[in-house]
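The values are calculated or read from the model by the stated rules, or taken from the named source; none is laboratory data. The structure presented is a predicted model; accordingly, all values stated were derived computationally and were not measured. Here the Cβ positions follow ideal geometry from the backbone for every residue, glycine too, while neighbour counts run over all protein chains shown. For accessibility, only protein heavy atoms count, side chains too; no ligands or nucleic acids. Shrake-Rupley method; radii C 1.70, N 1.55, O 1.52, S 1.80 Å.
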Amino acid sequence: MKLYSYWRSSAAYRVRIALNLKGLDYEVAPVHLLKDGGEQLQAEYQAINPQGVVPALVDGDVSIGQSLAIMDYLESRYPEPSLYPQSIEARAFAQQIALVVACDIHPLNNLRVLKYLKRALEQGDEARDDWYHHWVRRGFTALEKLLDGRDWQGPYCLDGQVSIADACLIPQIYNARRFKIAMDDFPSLIKIEQACMELEAFRQAAPENQVDANT
């Protein structure tokens, strides 16, 4: 199994967490998103993922892009341990949190968007960072309210079970800290982060622990 990844990609980060939680052996194939105009745009990689983004997973004859599609594939093909709680209601809630991150927060703040803001729309670093902070804080505020509405007990998004929700949330928090977003207004998210980072699956997946870190 091979995961095409970039160390700072939060989408790749969430898949690394999922693979680690399931205890699956995989090889990381680094794809540098900045070098030579972006290796993800070169023909060799686009033959694997025509969308030209990371991550992509190759498992035998199967090749999949998009992090949530990869995680769904892993859950179906390698069901134990599960990334989802058993109850229908809890499973839907886990997916809701994952989708808030993967569909509403992250797409507005990924590398392609930030580069477009700066180059095509000629926005300076301050305006770019204001954009980033606005959408992340708005998403995190919603997540805090969602957790409060469920009488959240912790330590993970689904209380005692690590799930796809945590796998999506932790990389987004990592990026928020990278862009110096104050986390004081999000105490529940901080507690989830602290609990998750005590687990080896999350620590091994962290950007600084990747083979291409700091390249």
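If you go through the stretch 178-215 and keep only what is assigned to a helix (DSSP H, G or I), within 19 Å of S9 (Cβ to Cβ) and at pLDDT 95 or above, you end up with E193, C196, A201, F202, R203, Q204, A205, P207, E208, N209.
Residue-wise test of (1) among the aromatic types (F, W, Y); (2) in contact with a helix residue (DSSP H, G or I) (Cβ under 7 Å, 6 or more places away or on another chain).
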site: V101; (1), (2): no, yes
site: D104; (1), (2): no, yes
site: L121; (1), (2): no, no
site: R137; (1), (2): no, no
site: W152; (1), (2): yes, yes
site: C157; (1), (2): no, yes
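Residues in the stretch 117-151 that are under 21 Å from K180 (Cα atoms) and open to solvent by 90 Å² or more (accessible area, probe 1.4 Å) were compared, and the one that is modelled with the lowest pLDDT is K118.
All of (1) within 17 Å of the chain's Cα centre (by Cα); (2) outside any loop (DSSP other than H, G, I, E, B) hold for V58 with one exception: (1). The residues of the stretch 61-90 that are in a loop (DSSP other than H, G, I, E, B) and buried (at least 17 other Cβ atoms within 10 Å of the Cβ), listed by number, are Q66, Y78, L83, Y84, P85. In the condition set (1) open to solvent by 40 Å² or more (accessible area, probe 1.4 Å); (2) aliphatic (A, V, I, L, M); (3) assigned to a helix (DSSP H, G or I), I48 is compliant with all but (3).
Consider the stretch 24-45 and keep the residues that are out of contact with any Lys or Arg (no Cβ under 7 Å at 6 or more places or on another chain) and in a loop (DSSP other than H, G, I, E, B). The one that is farthest from E208 (Cα to Cα) is Q42.
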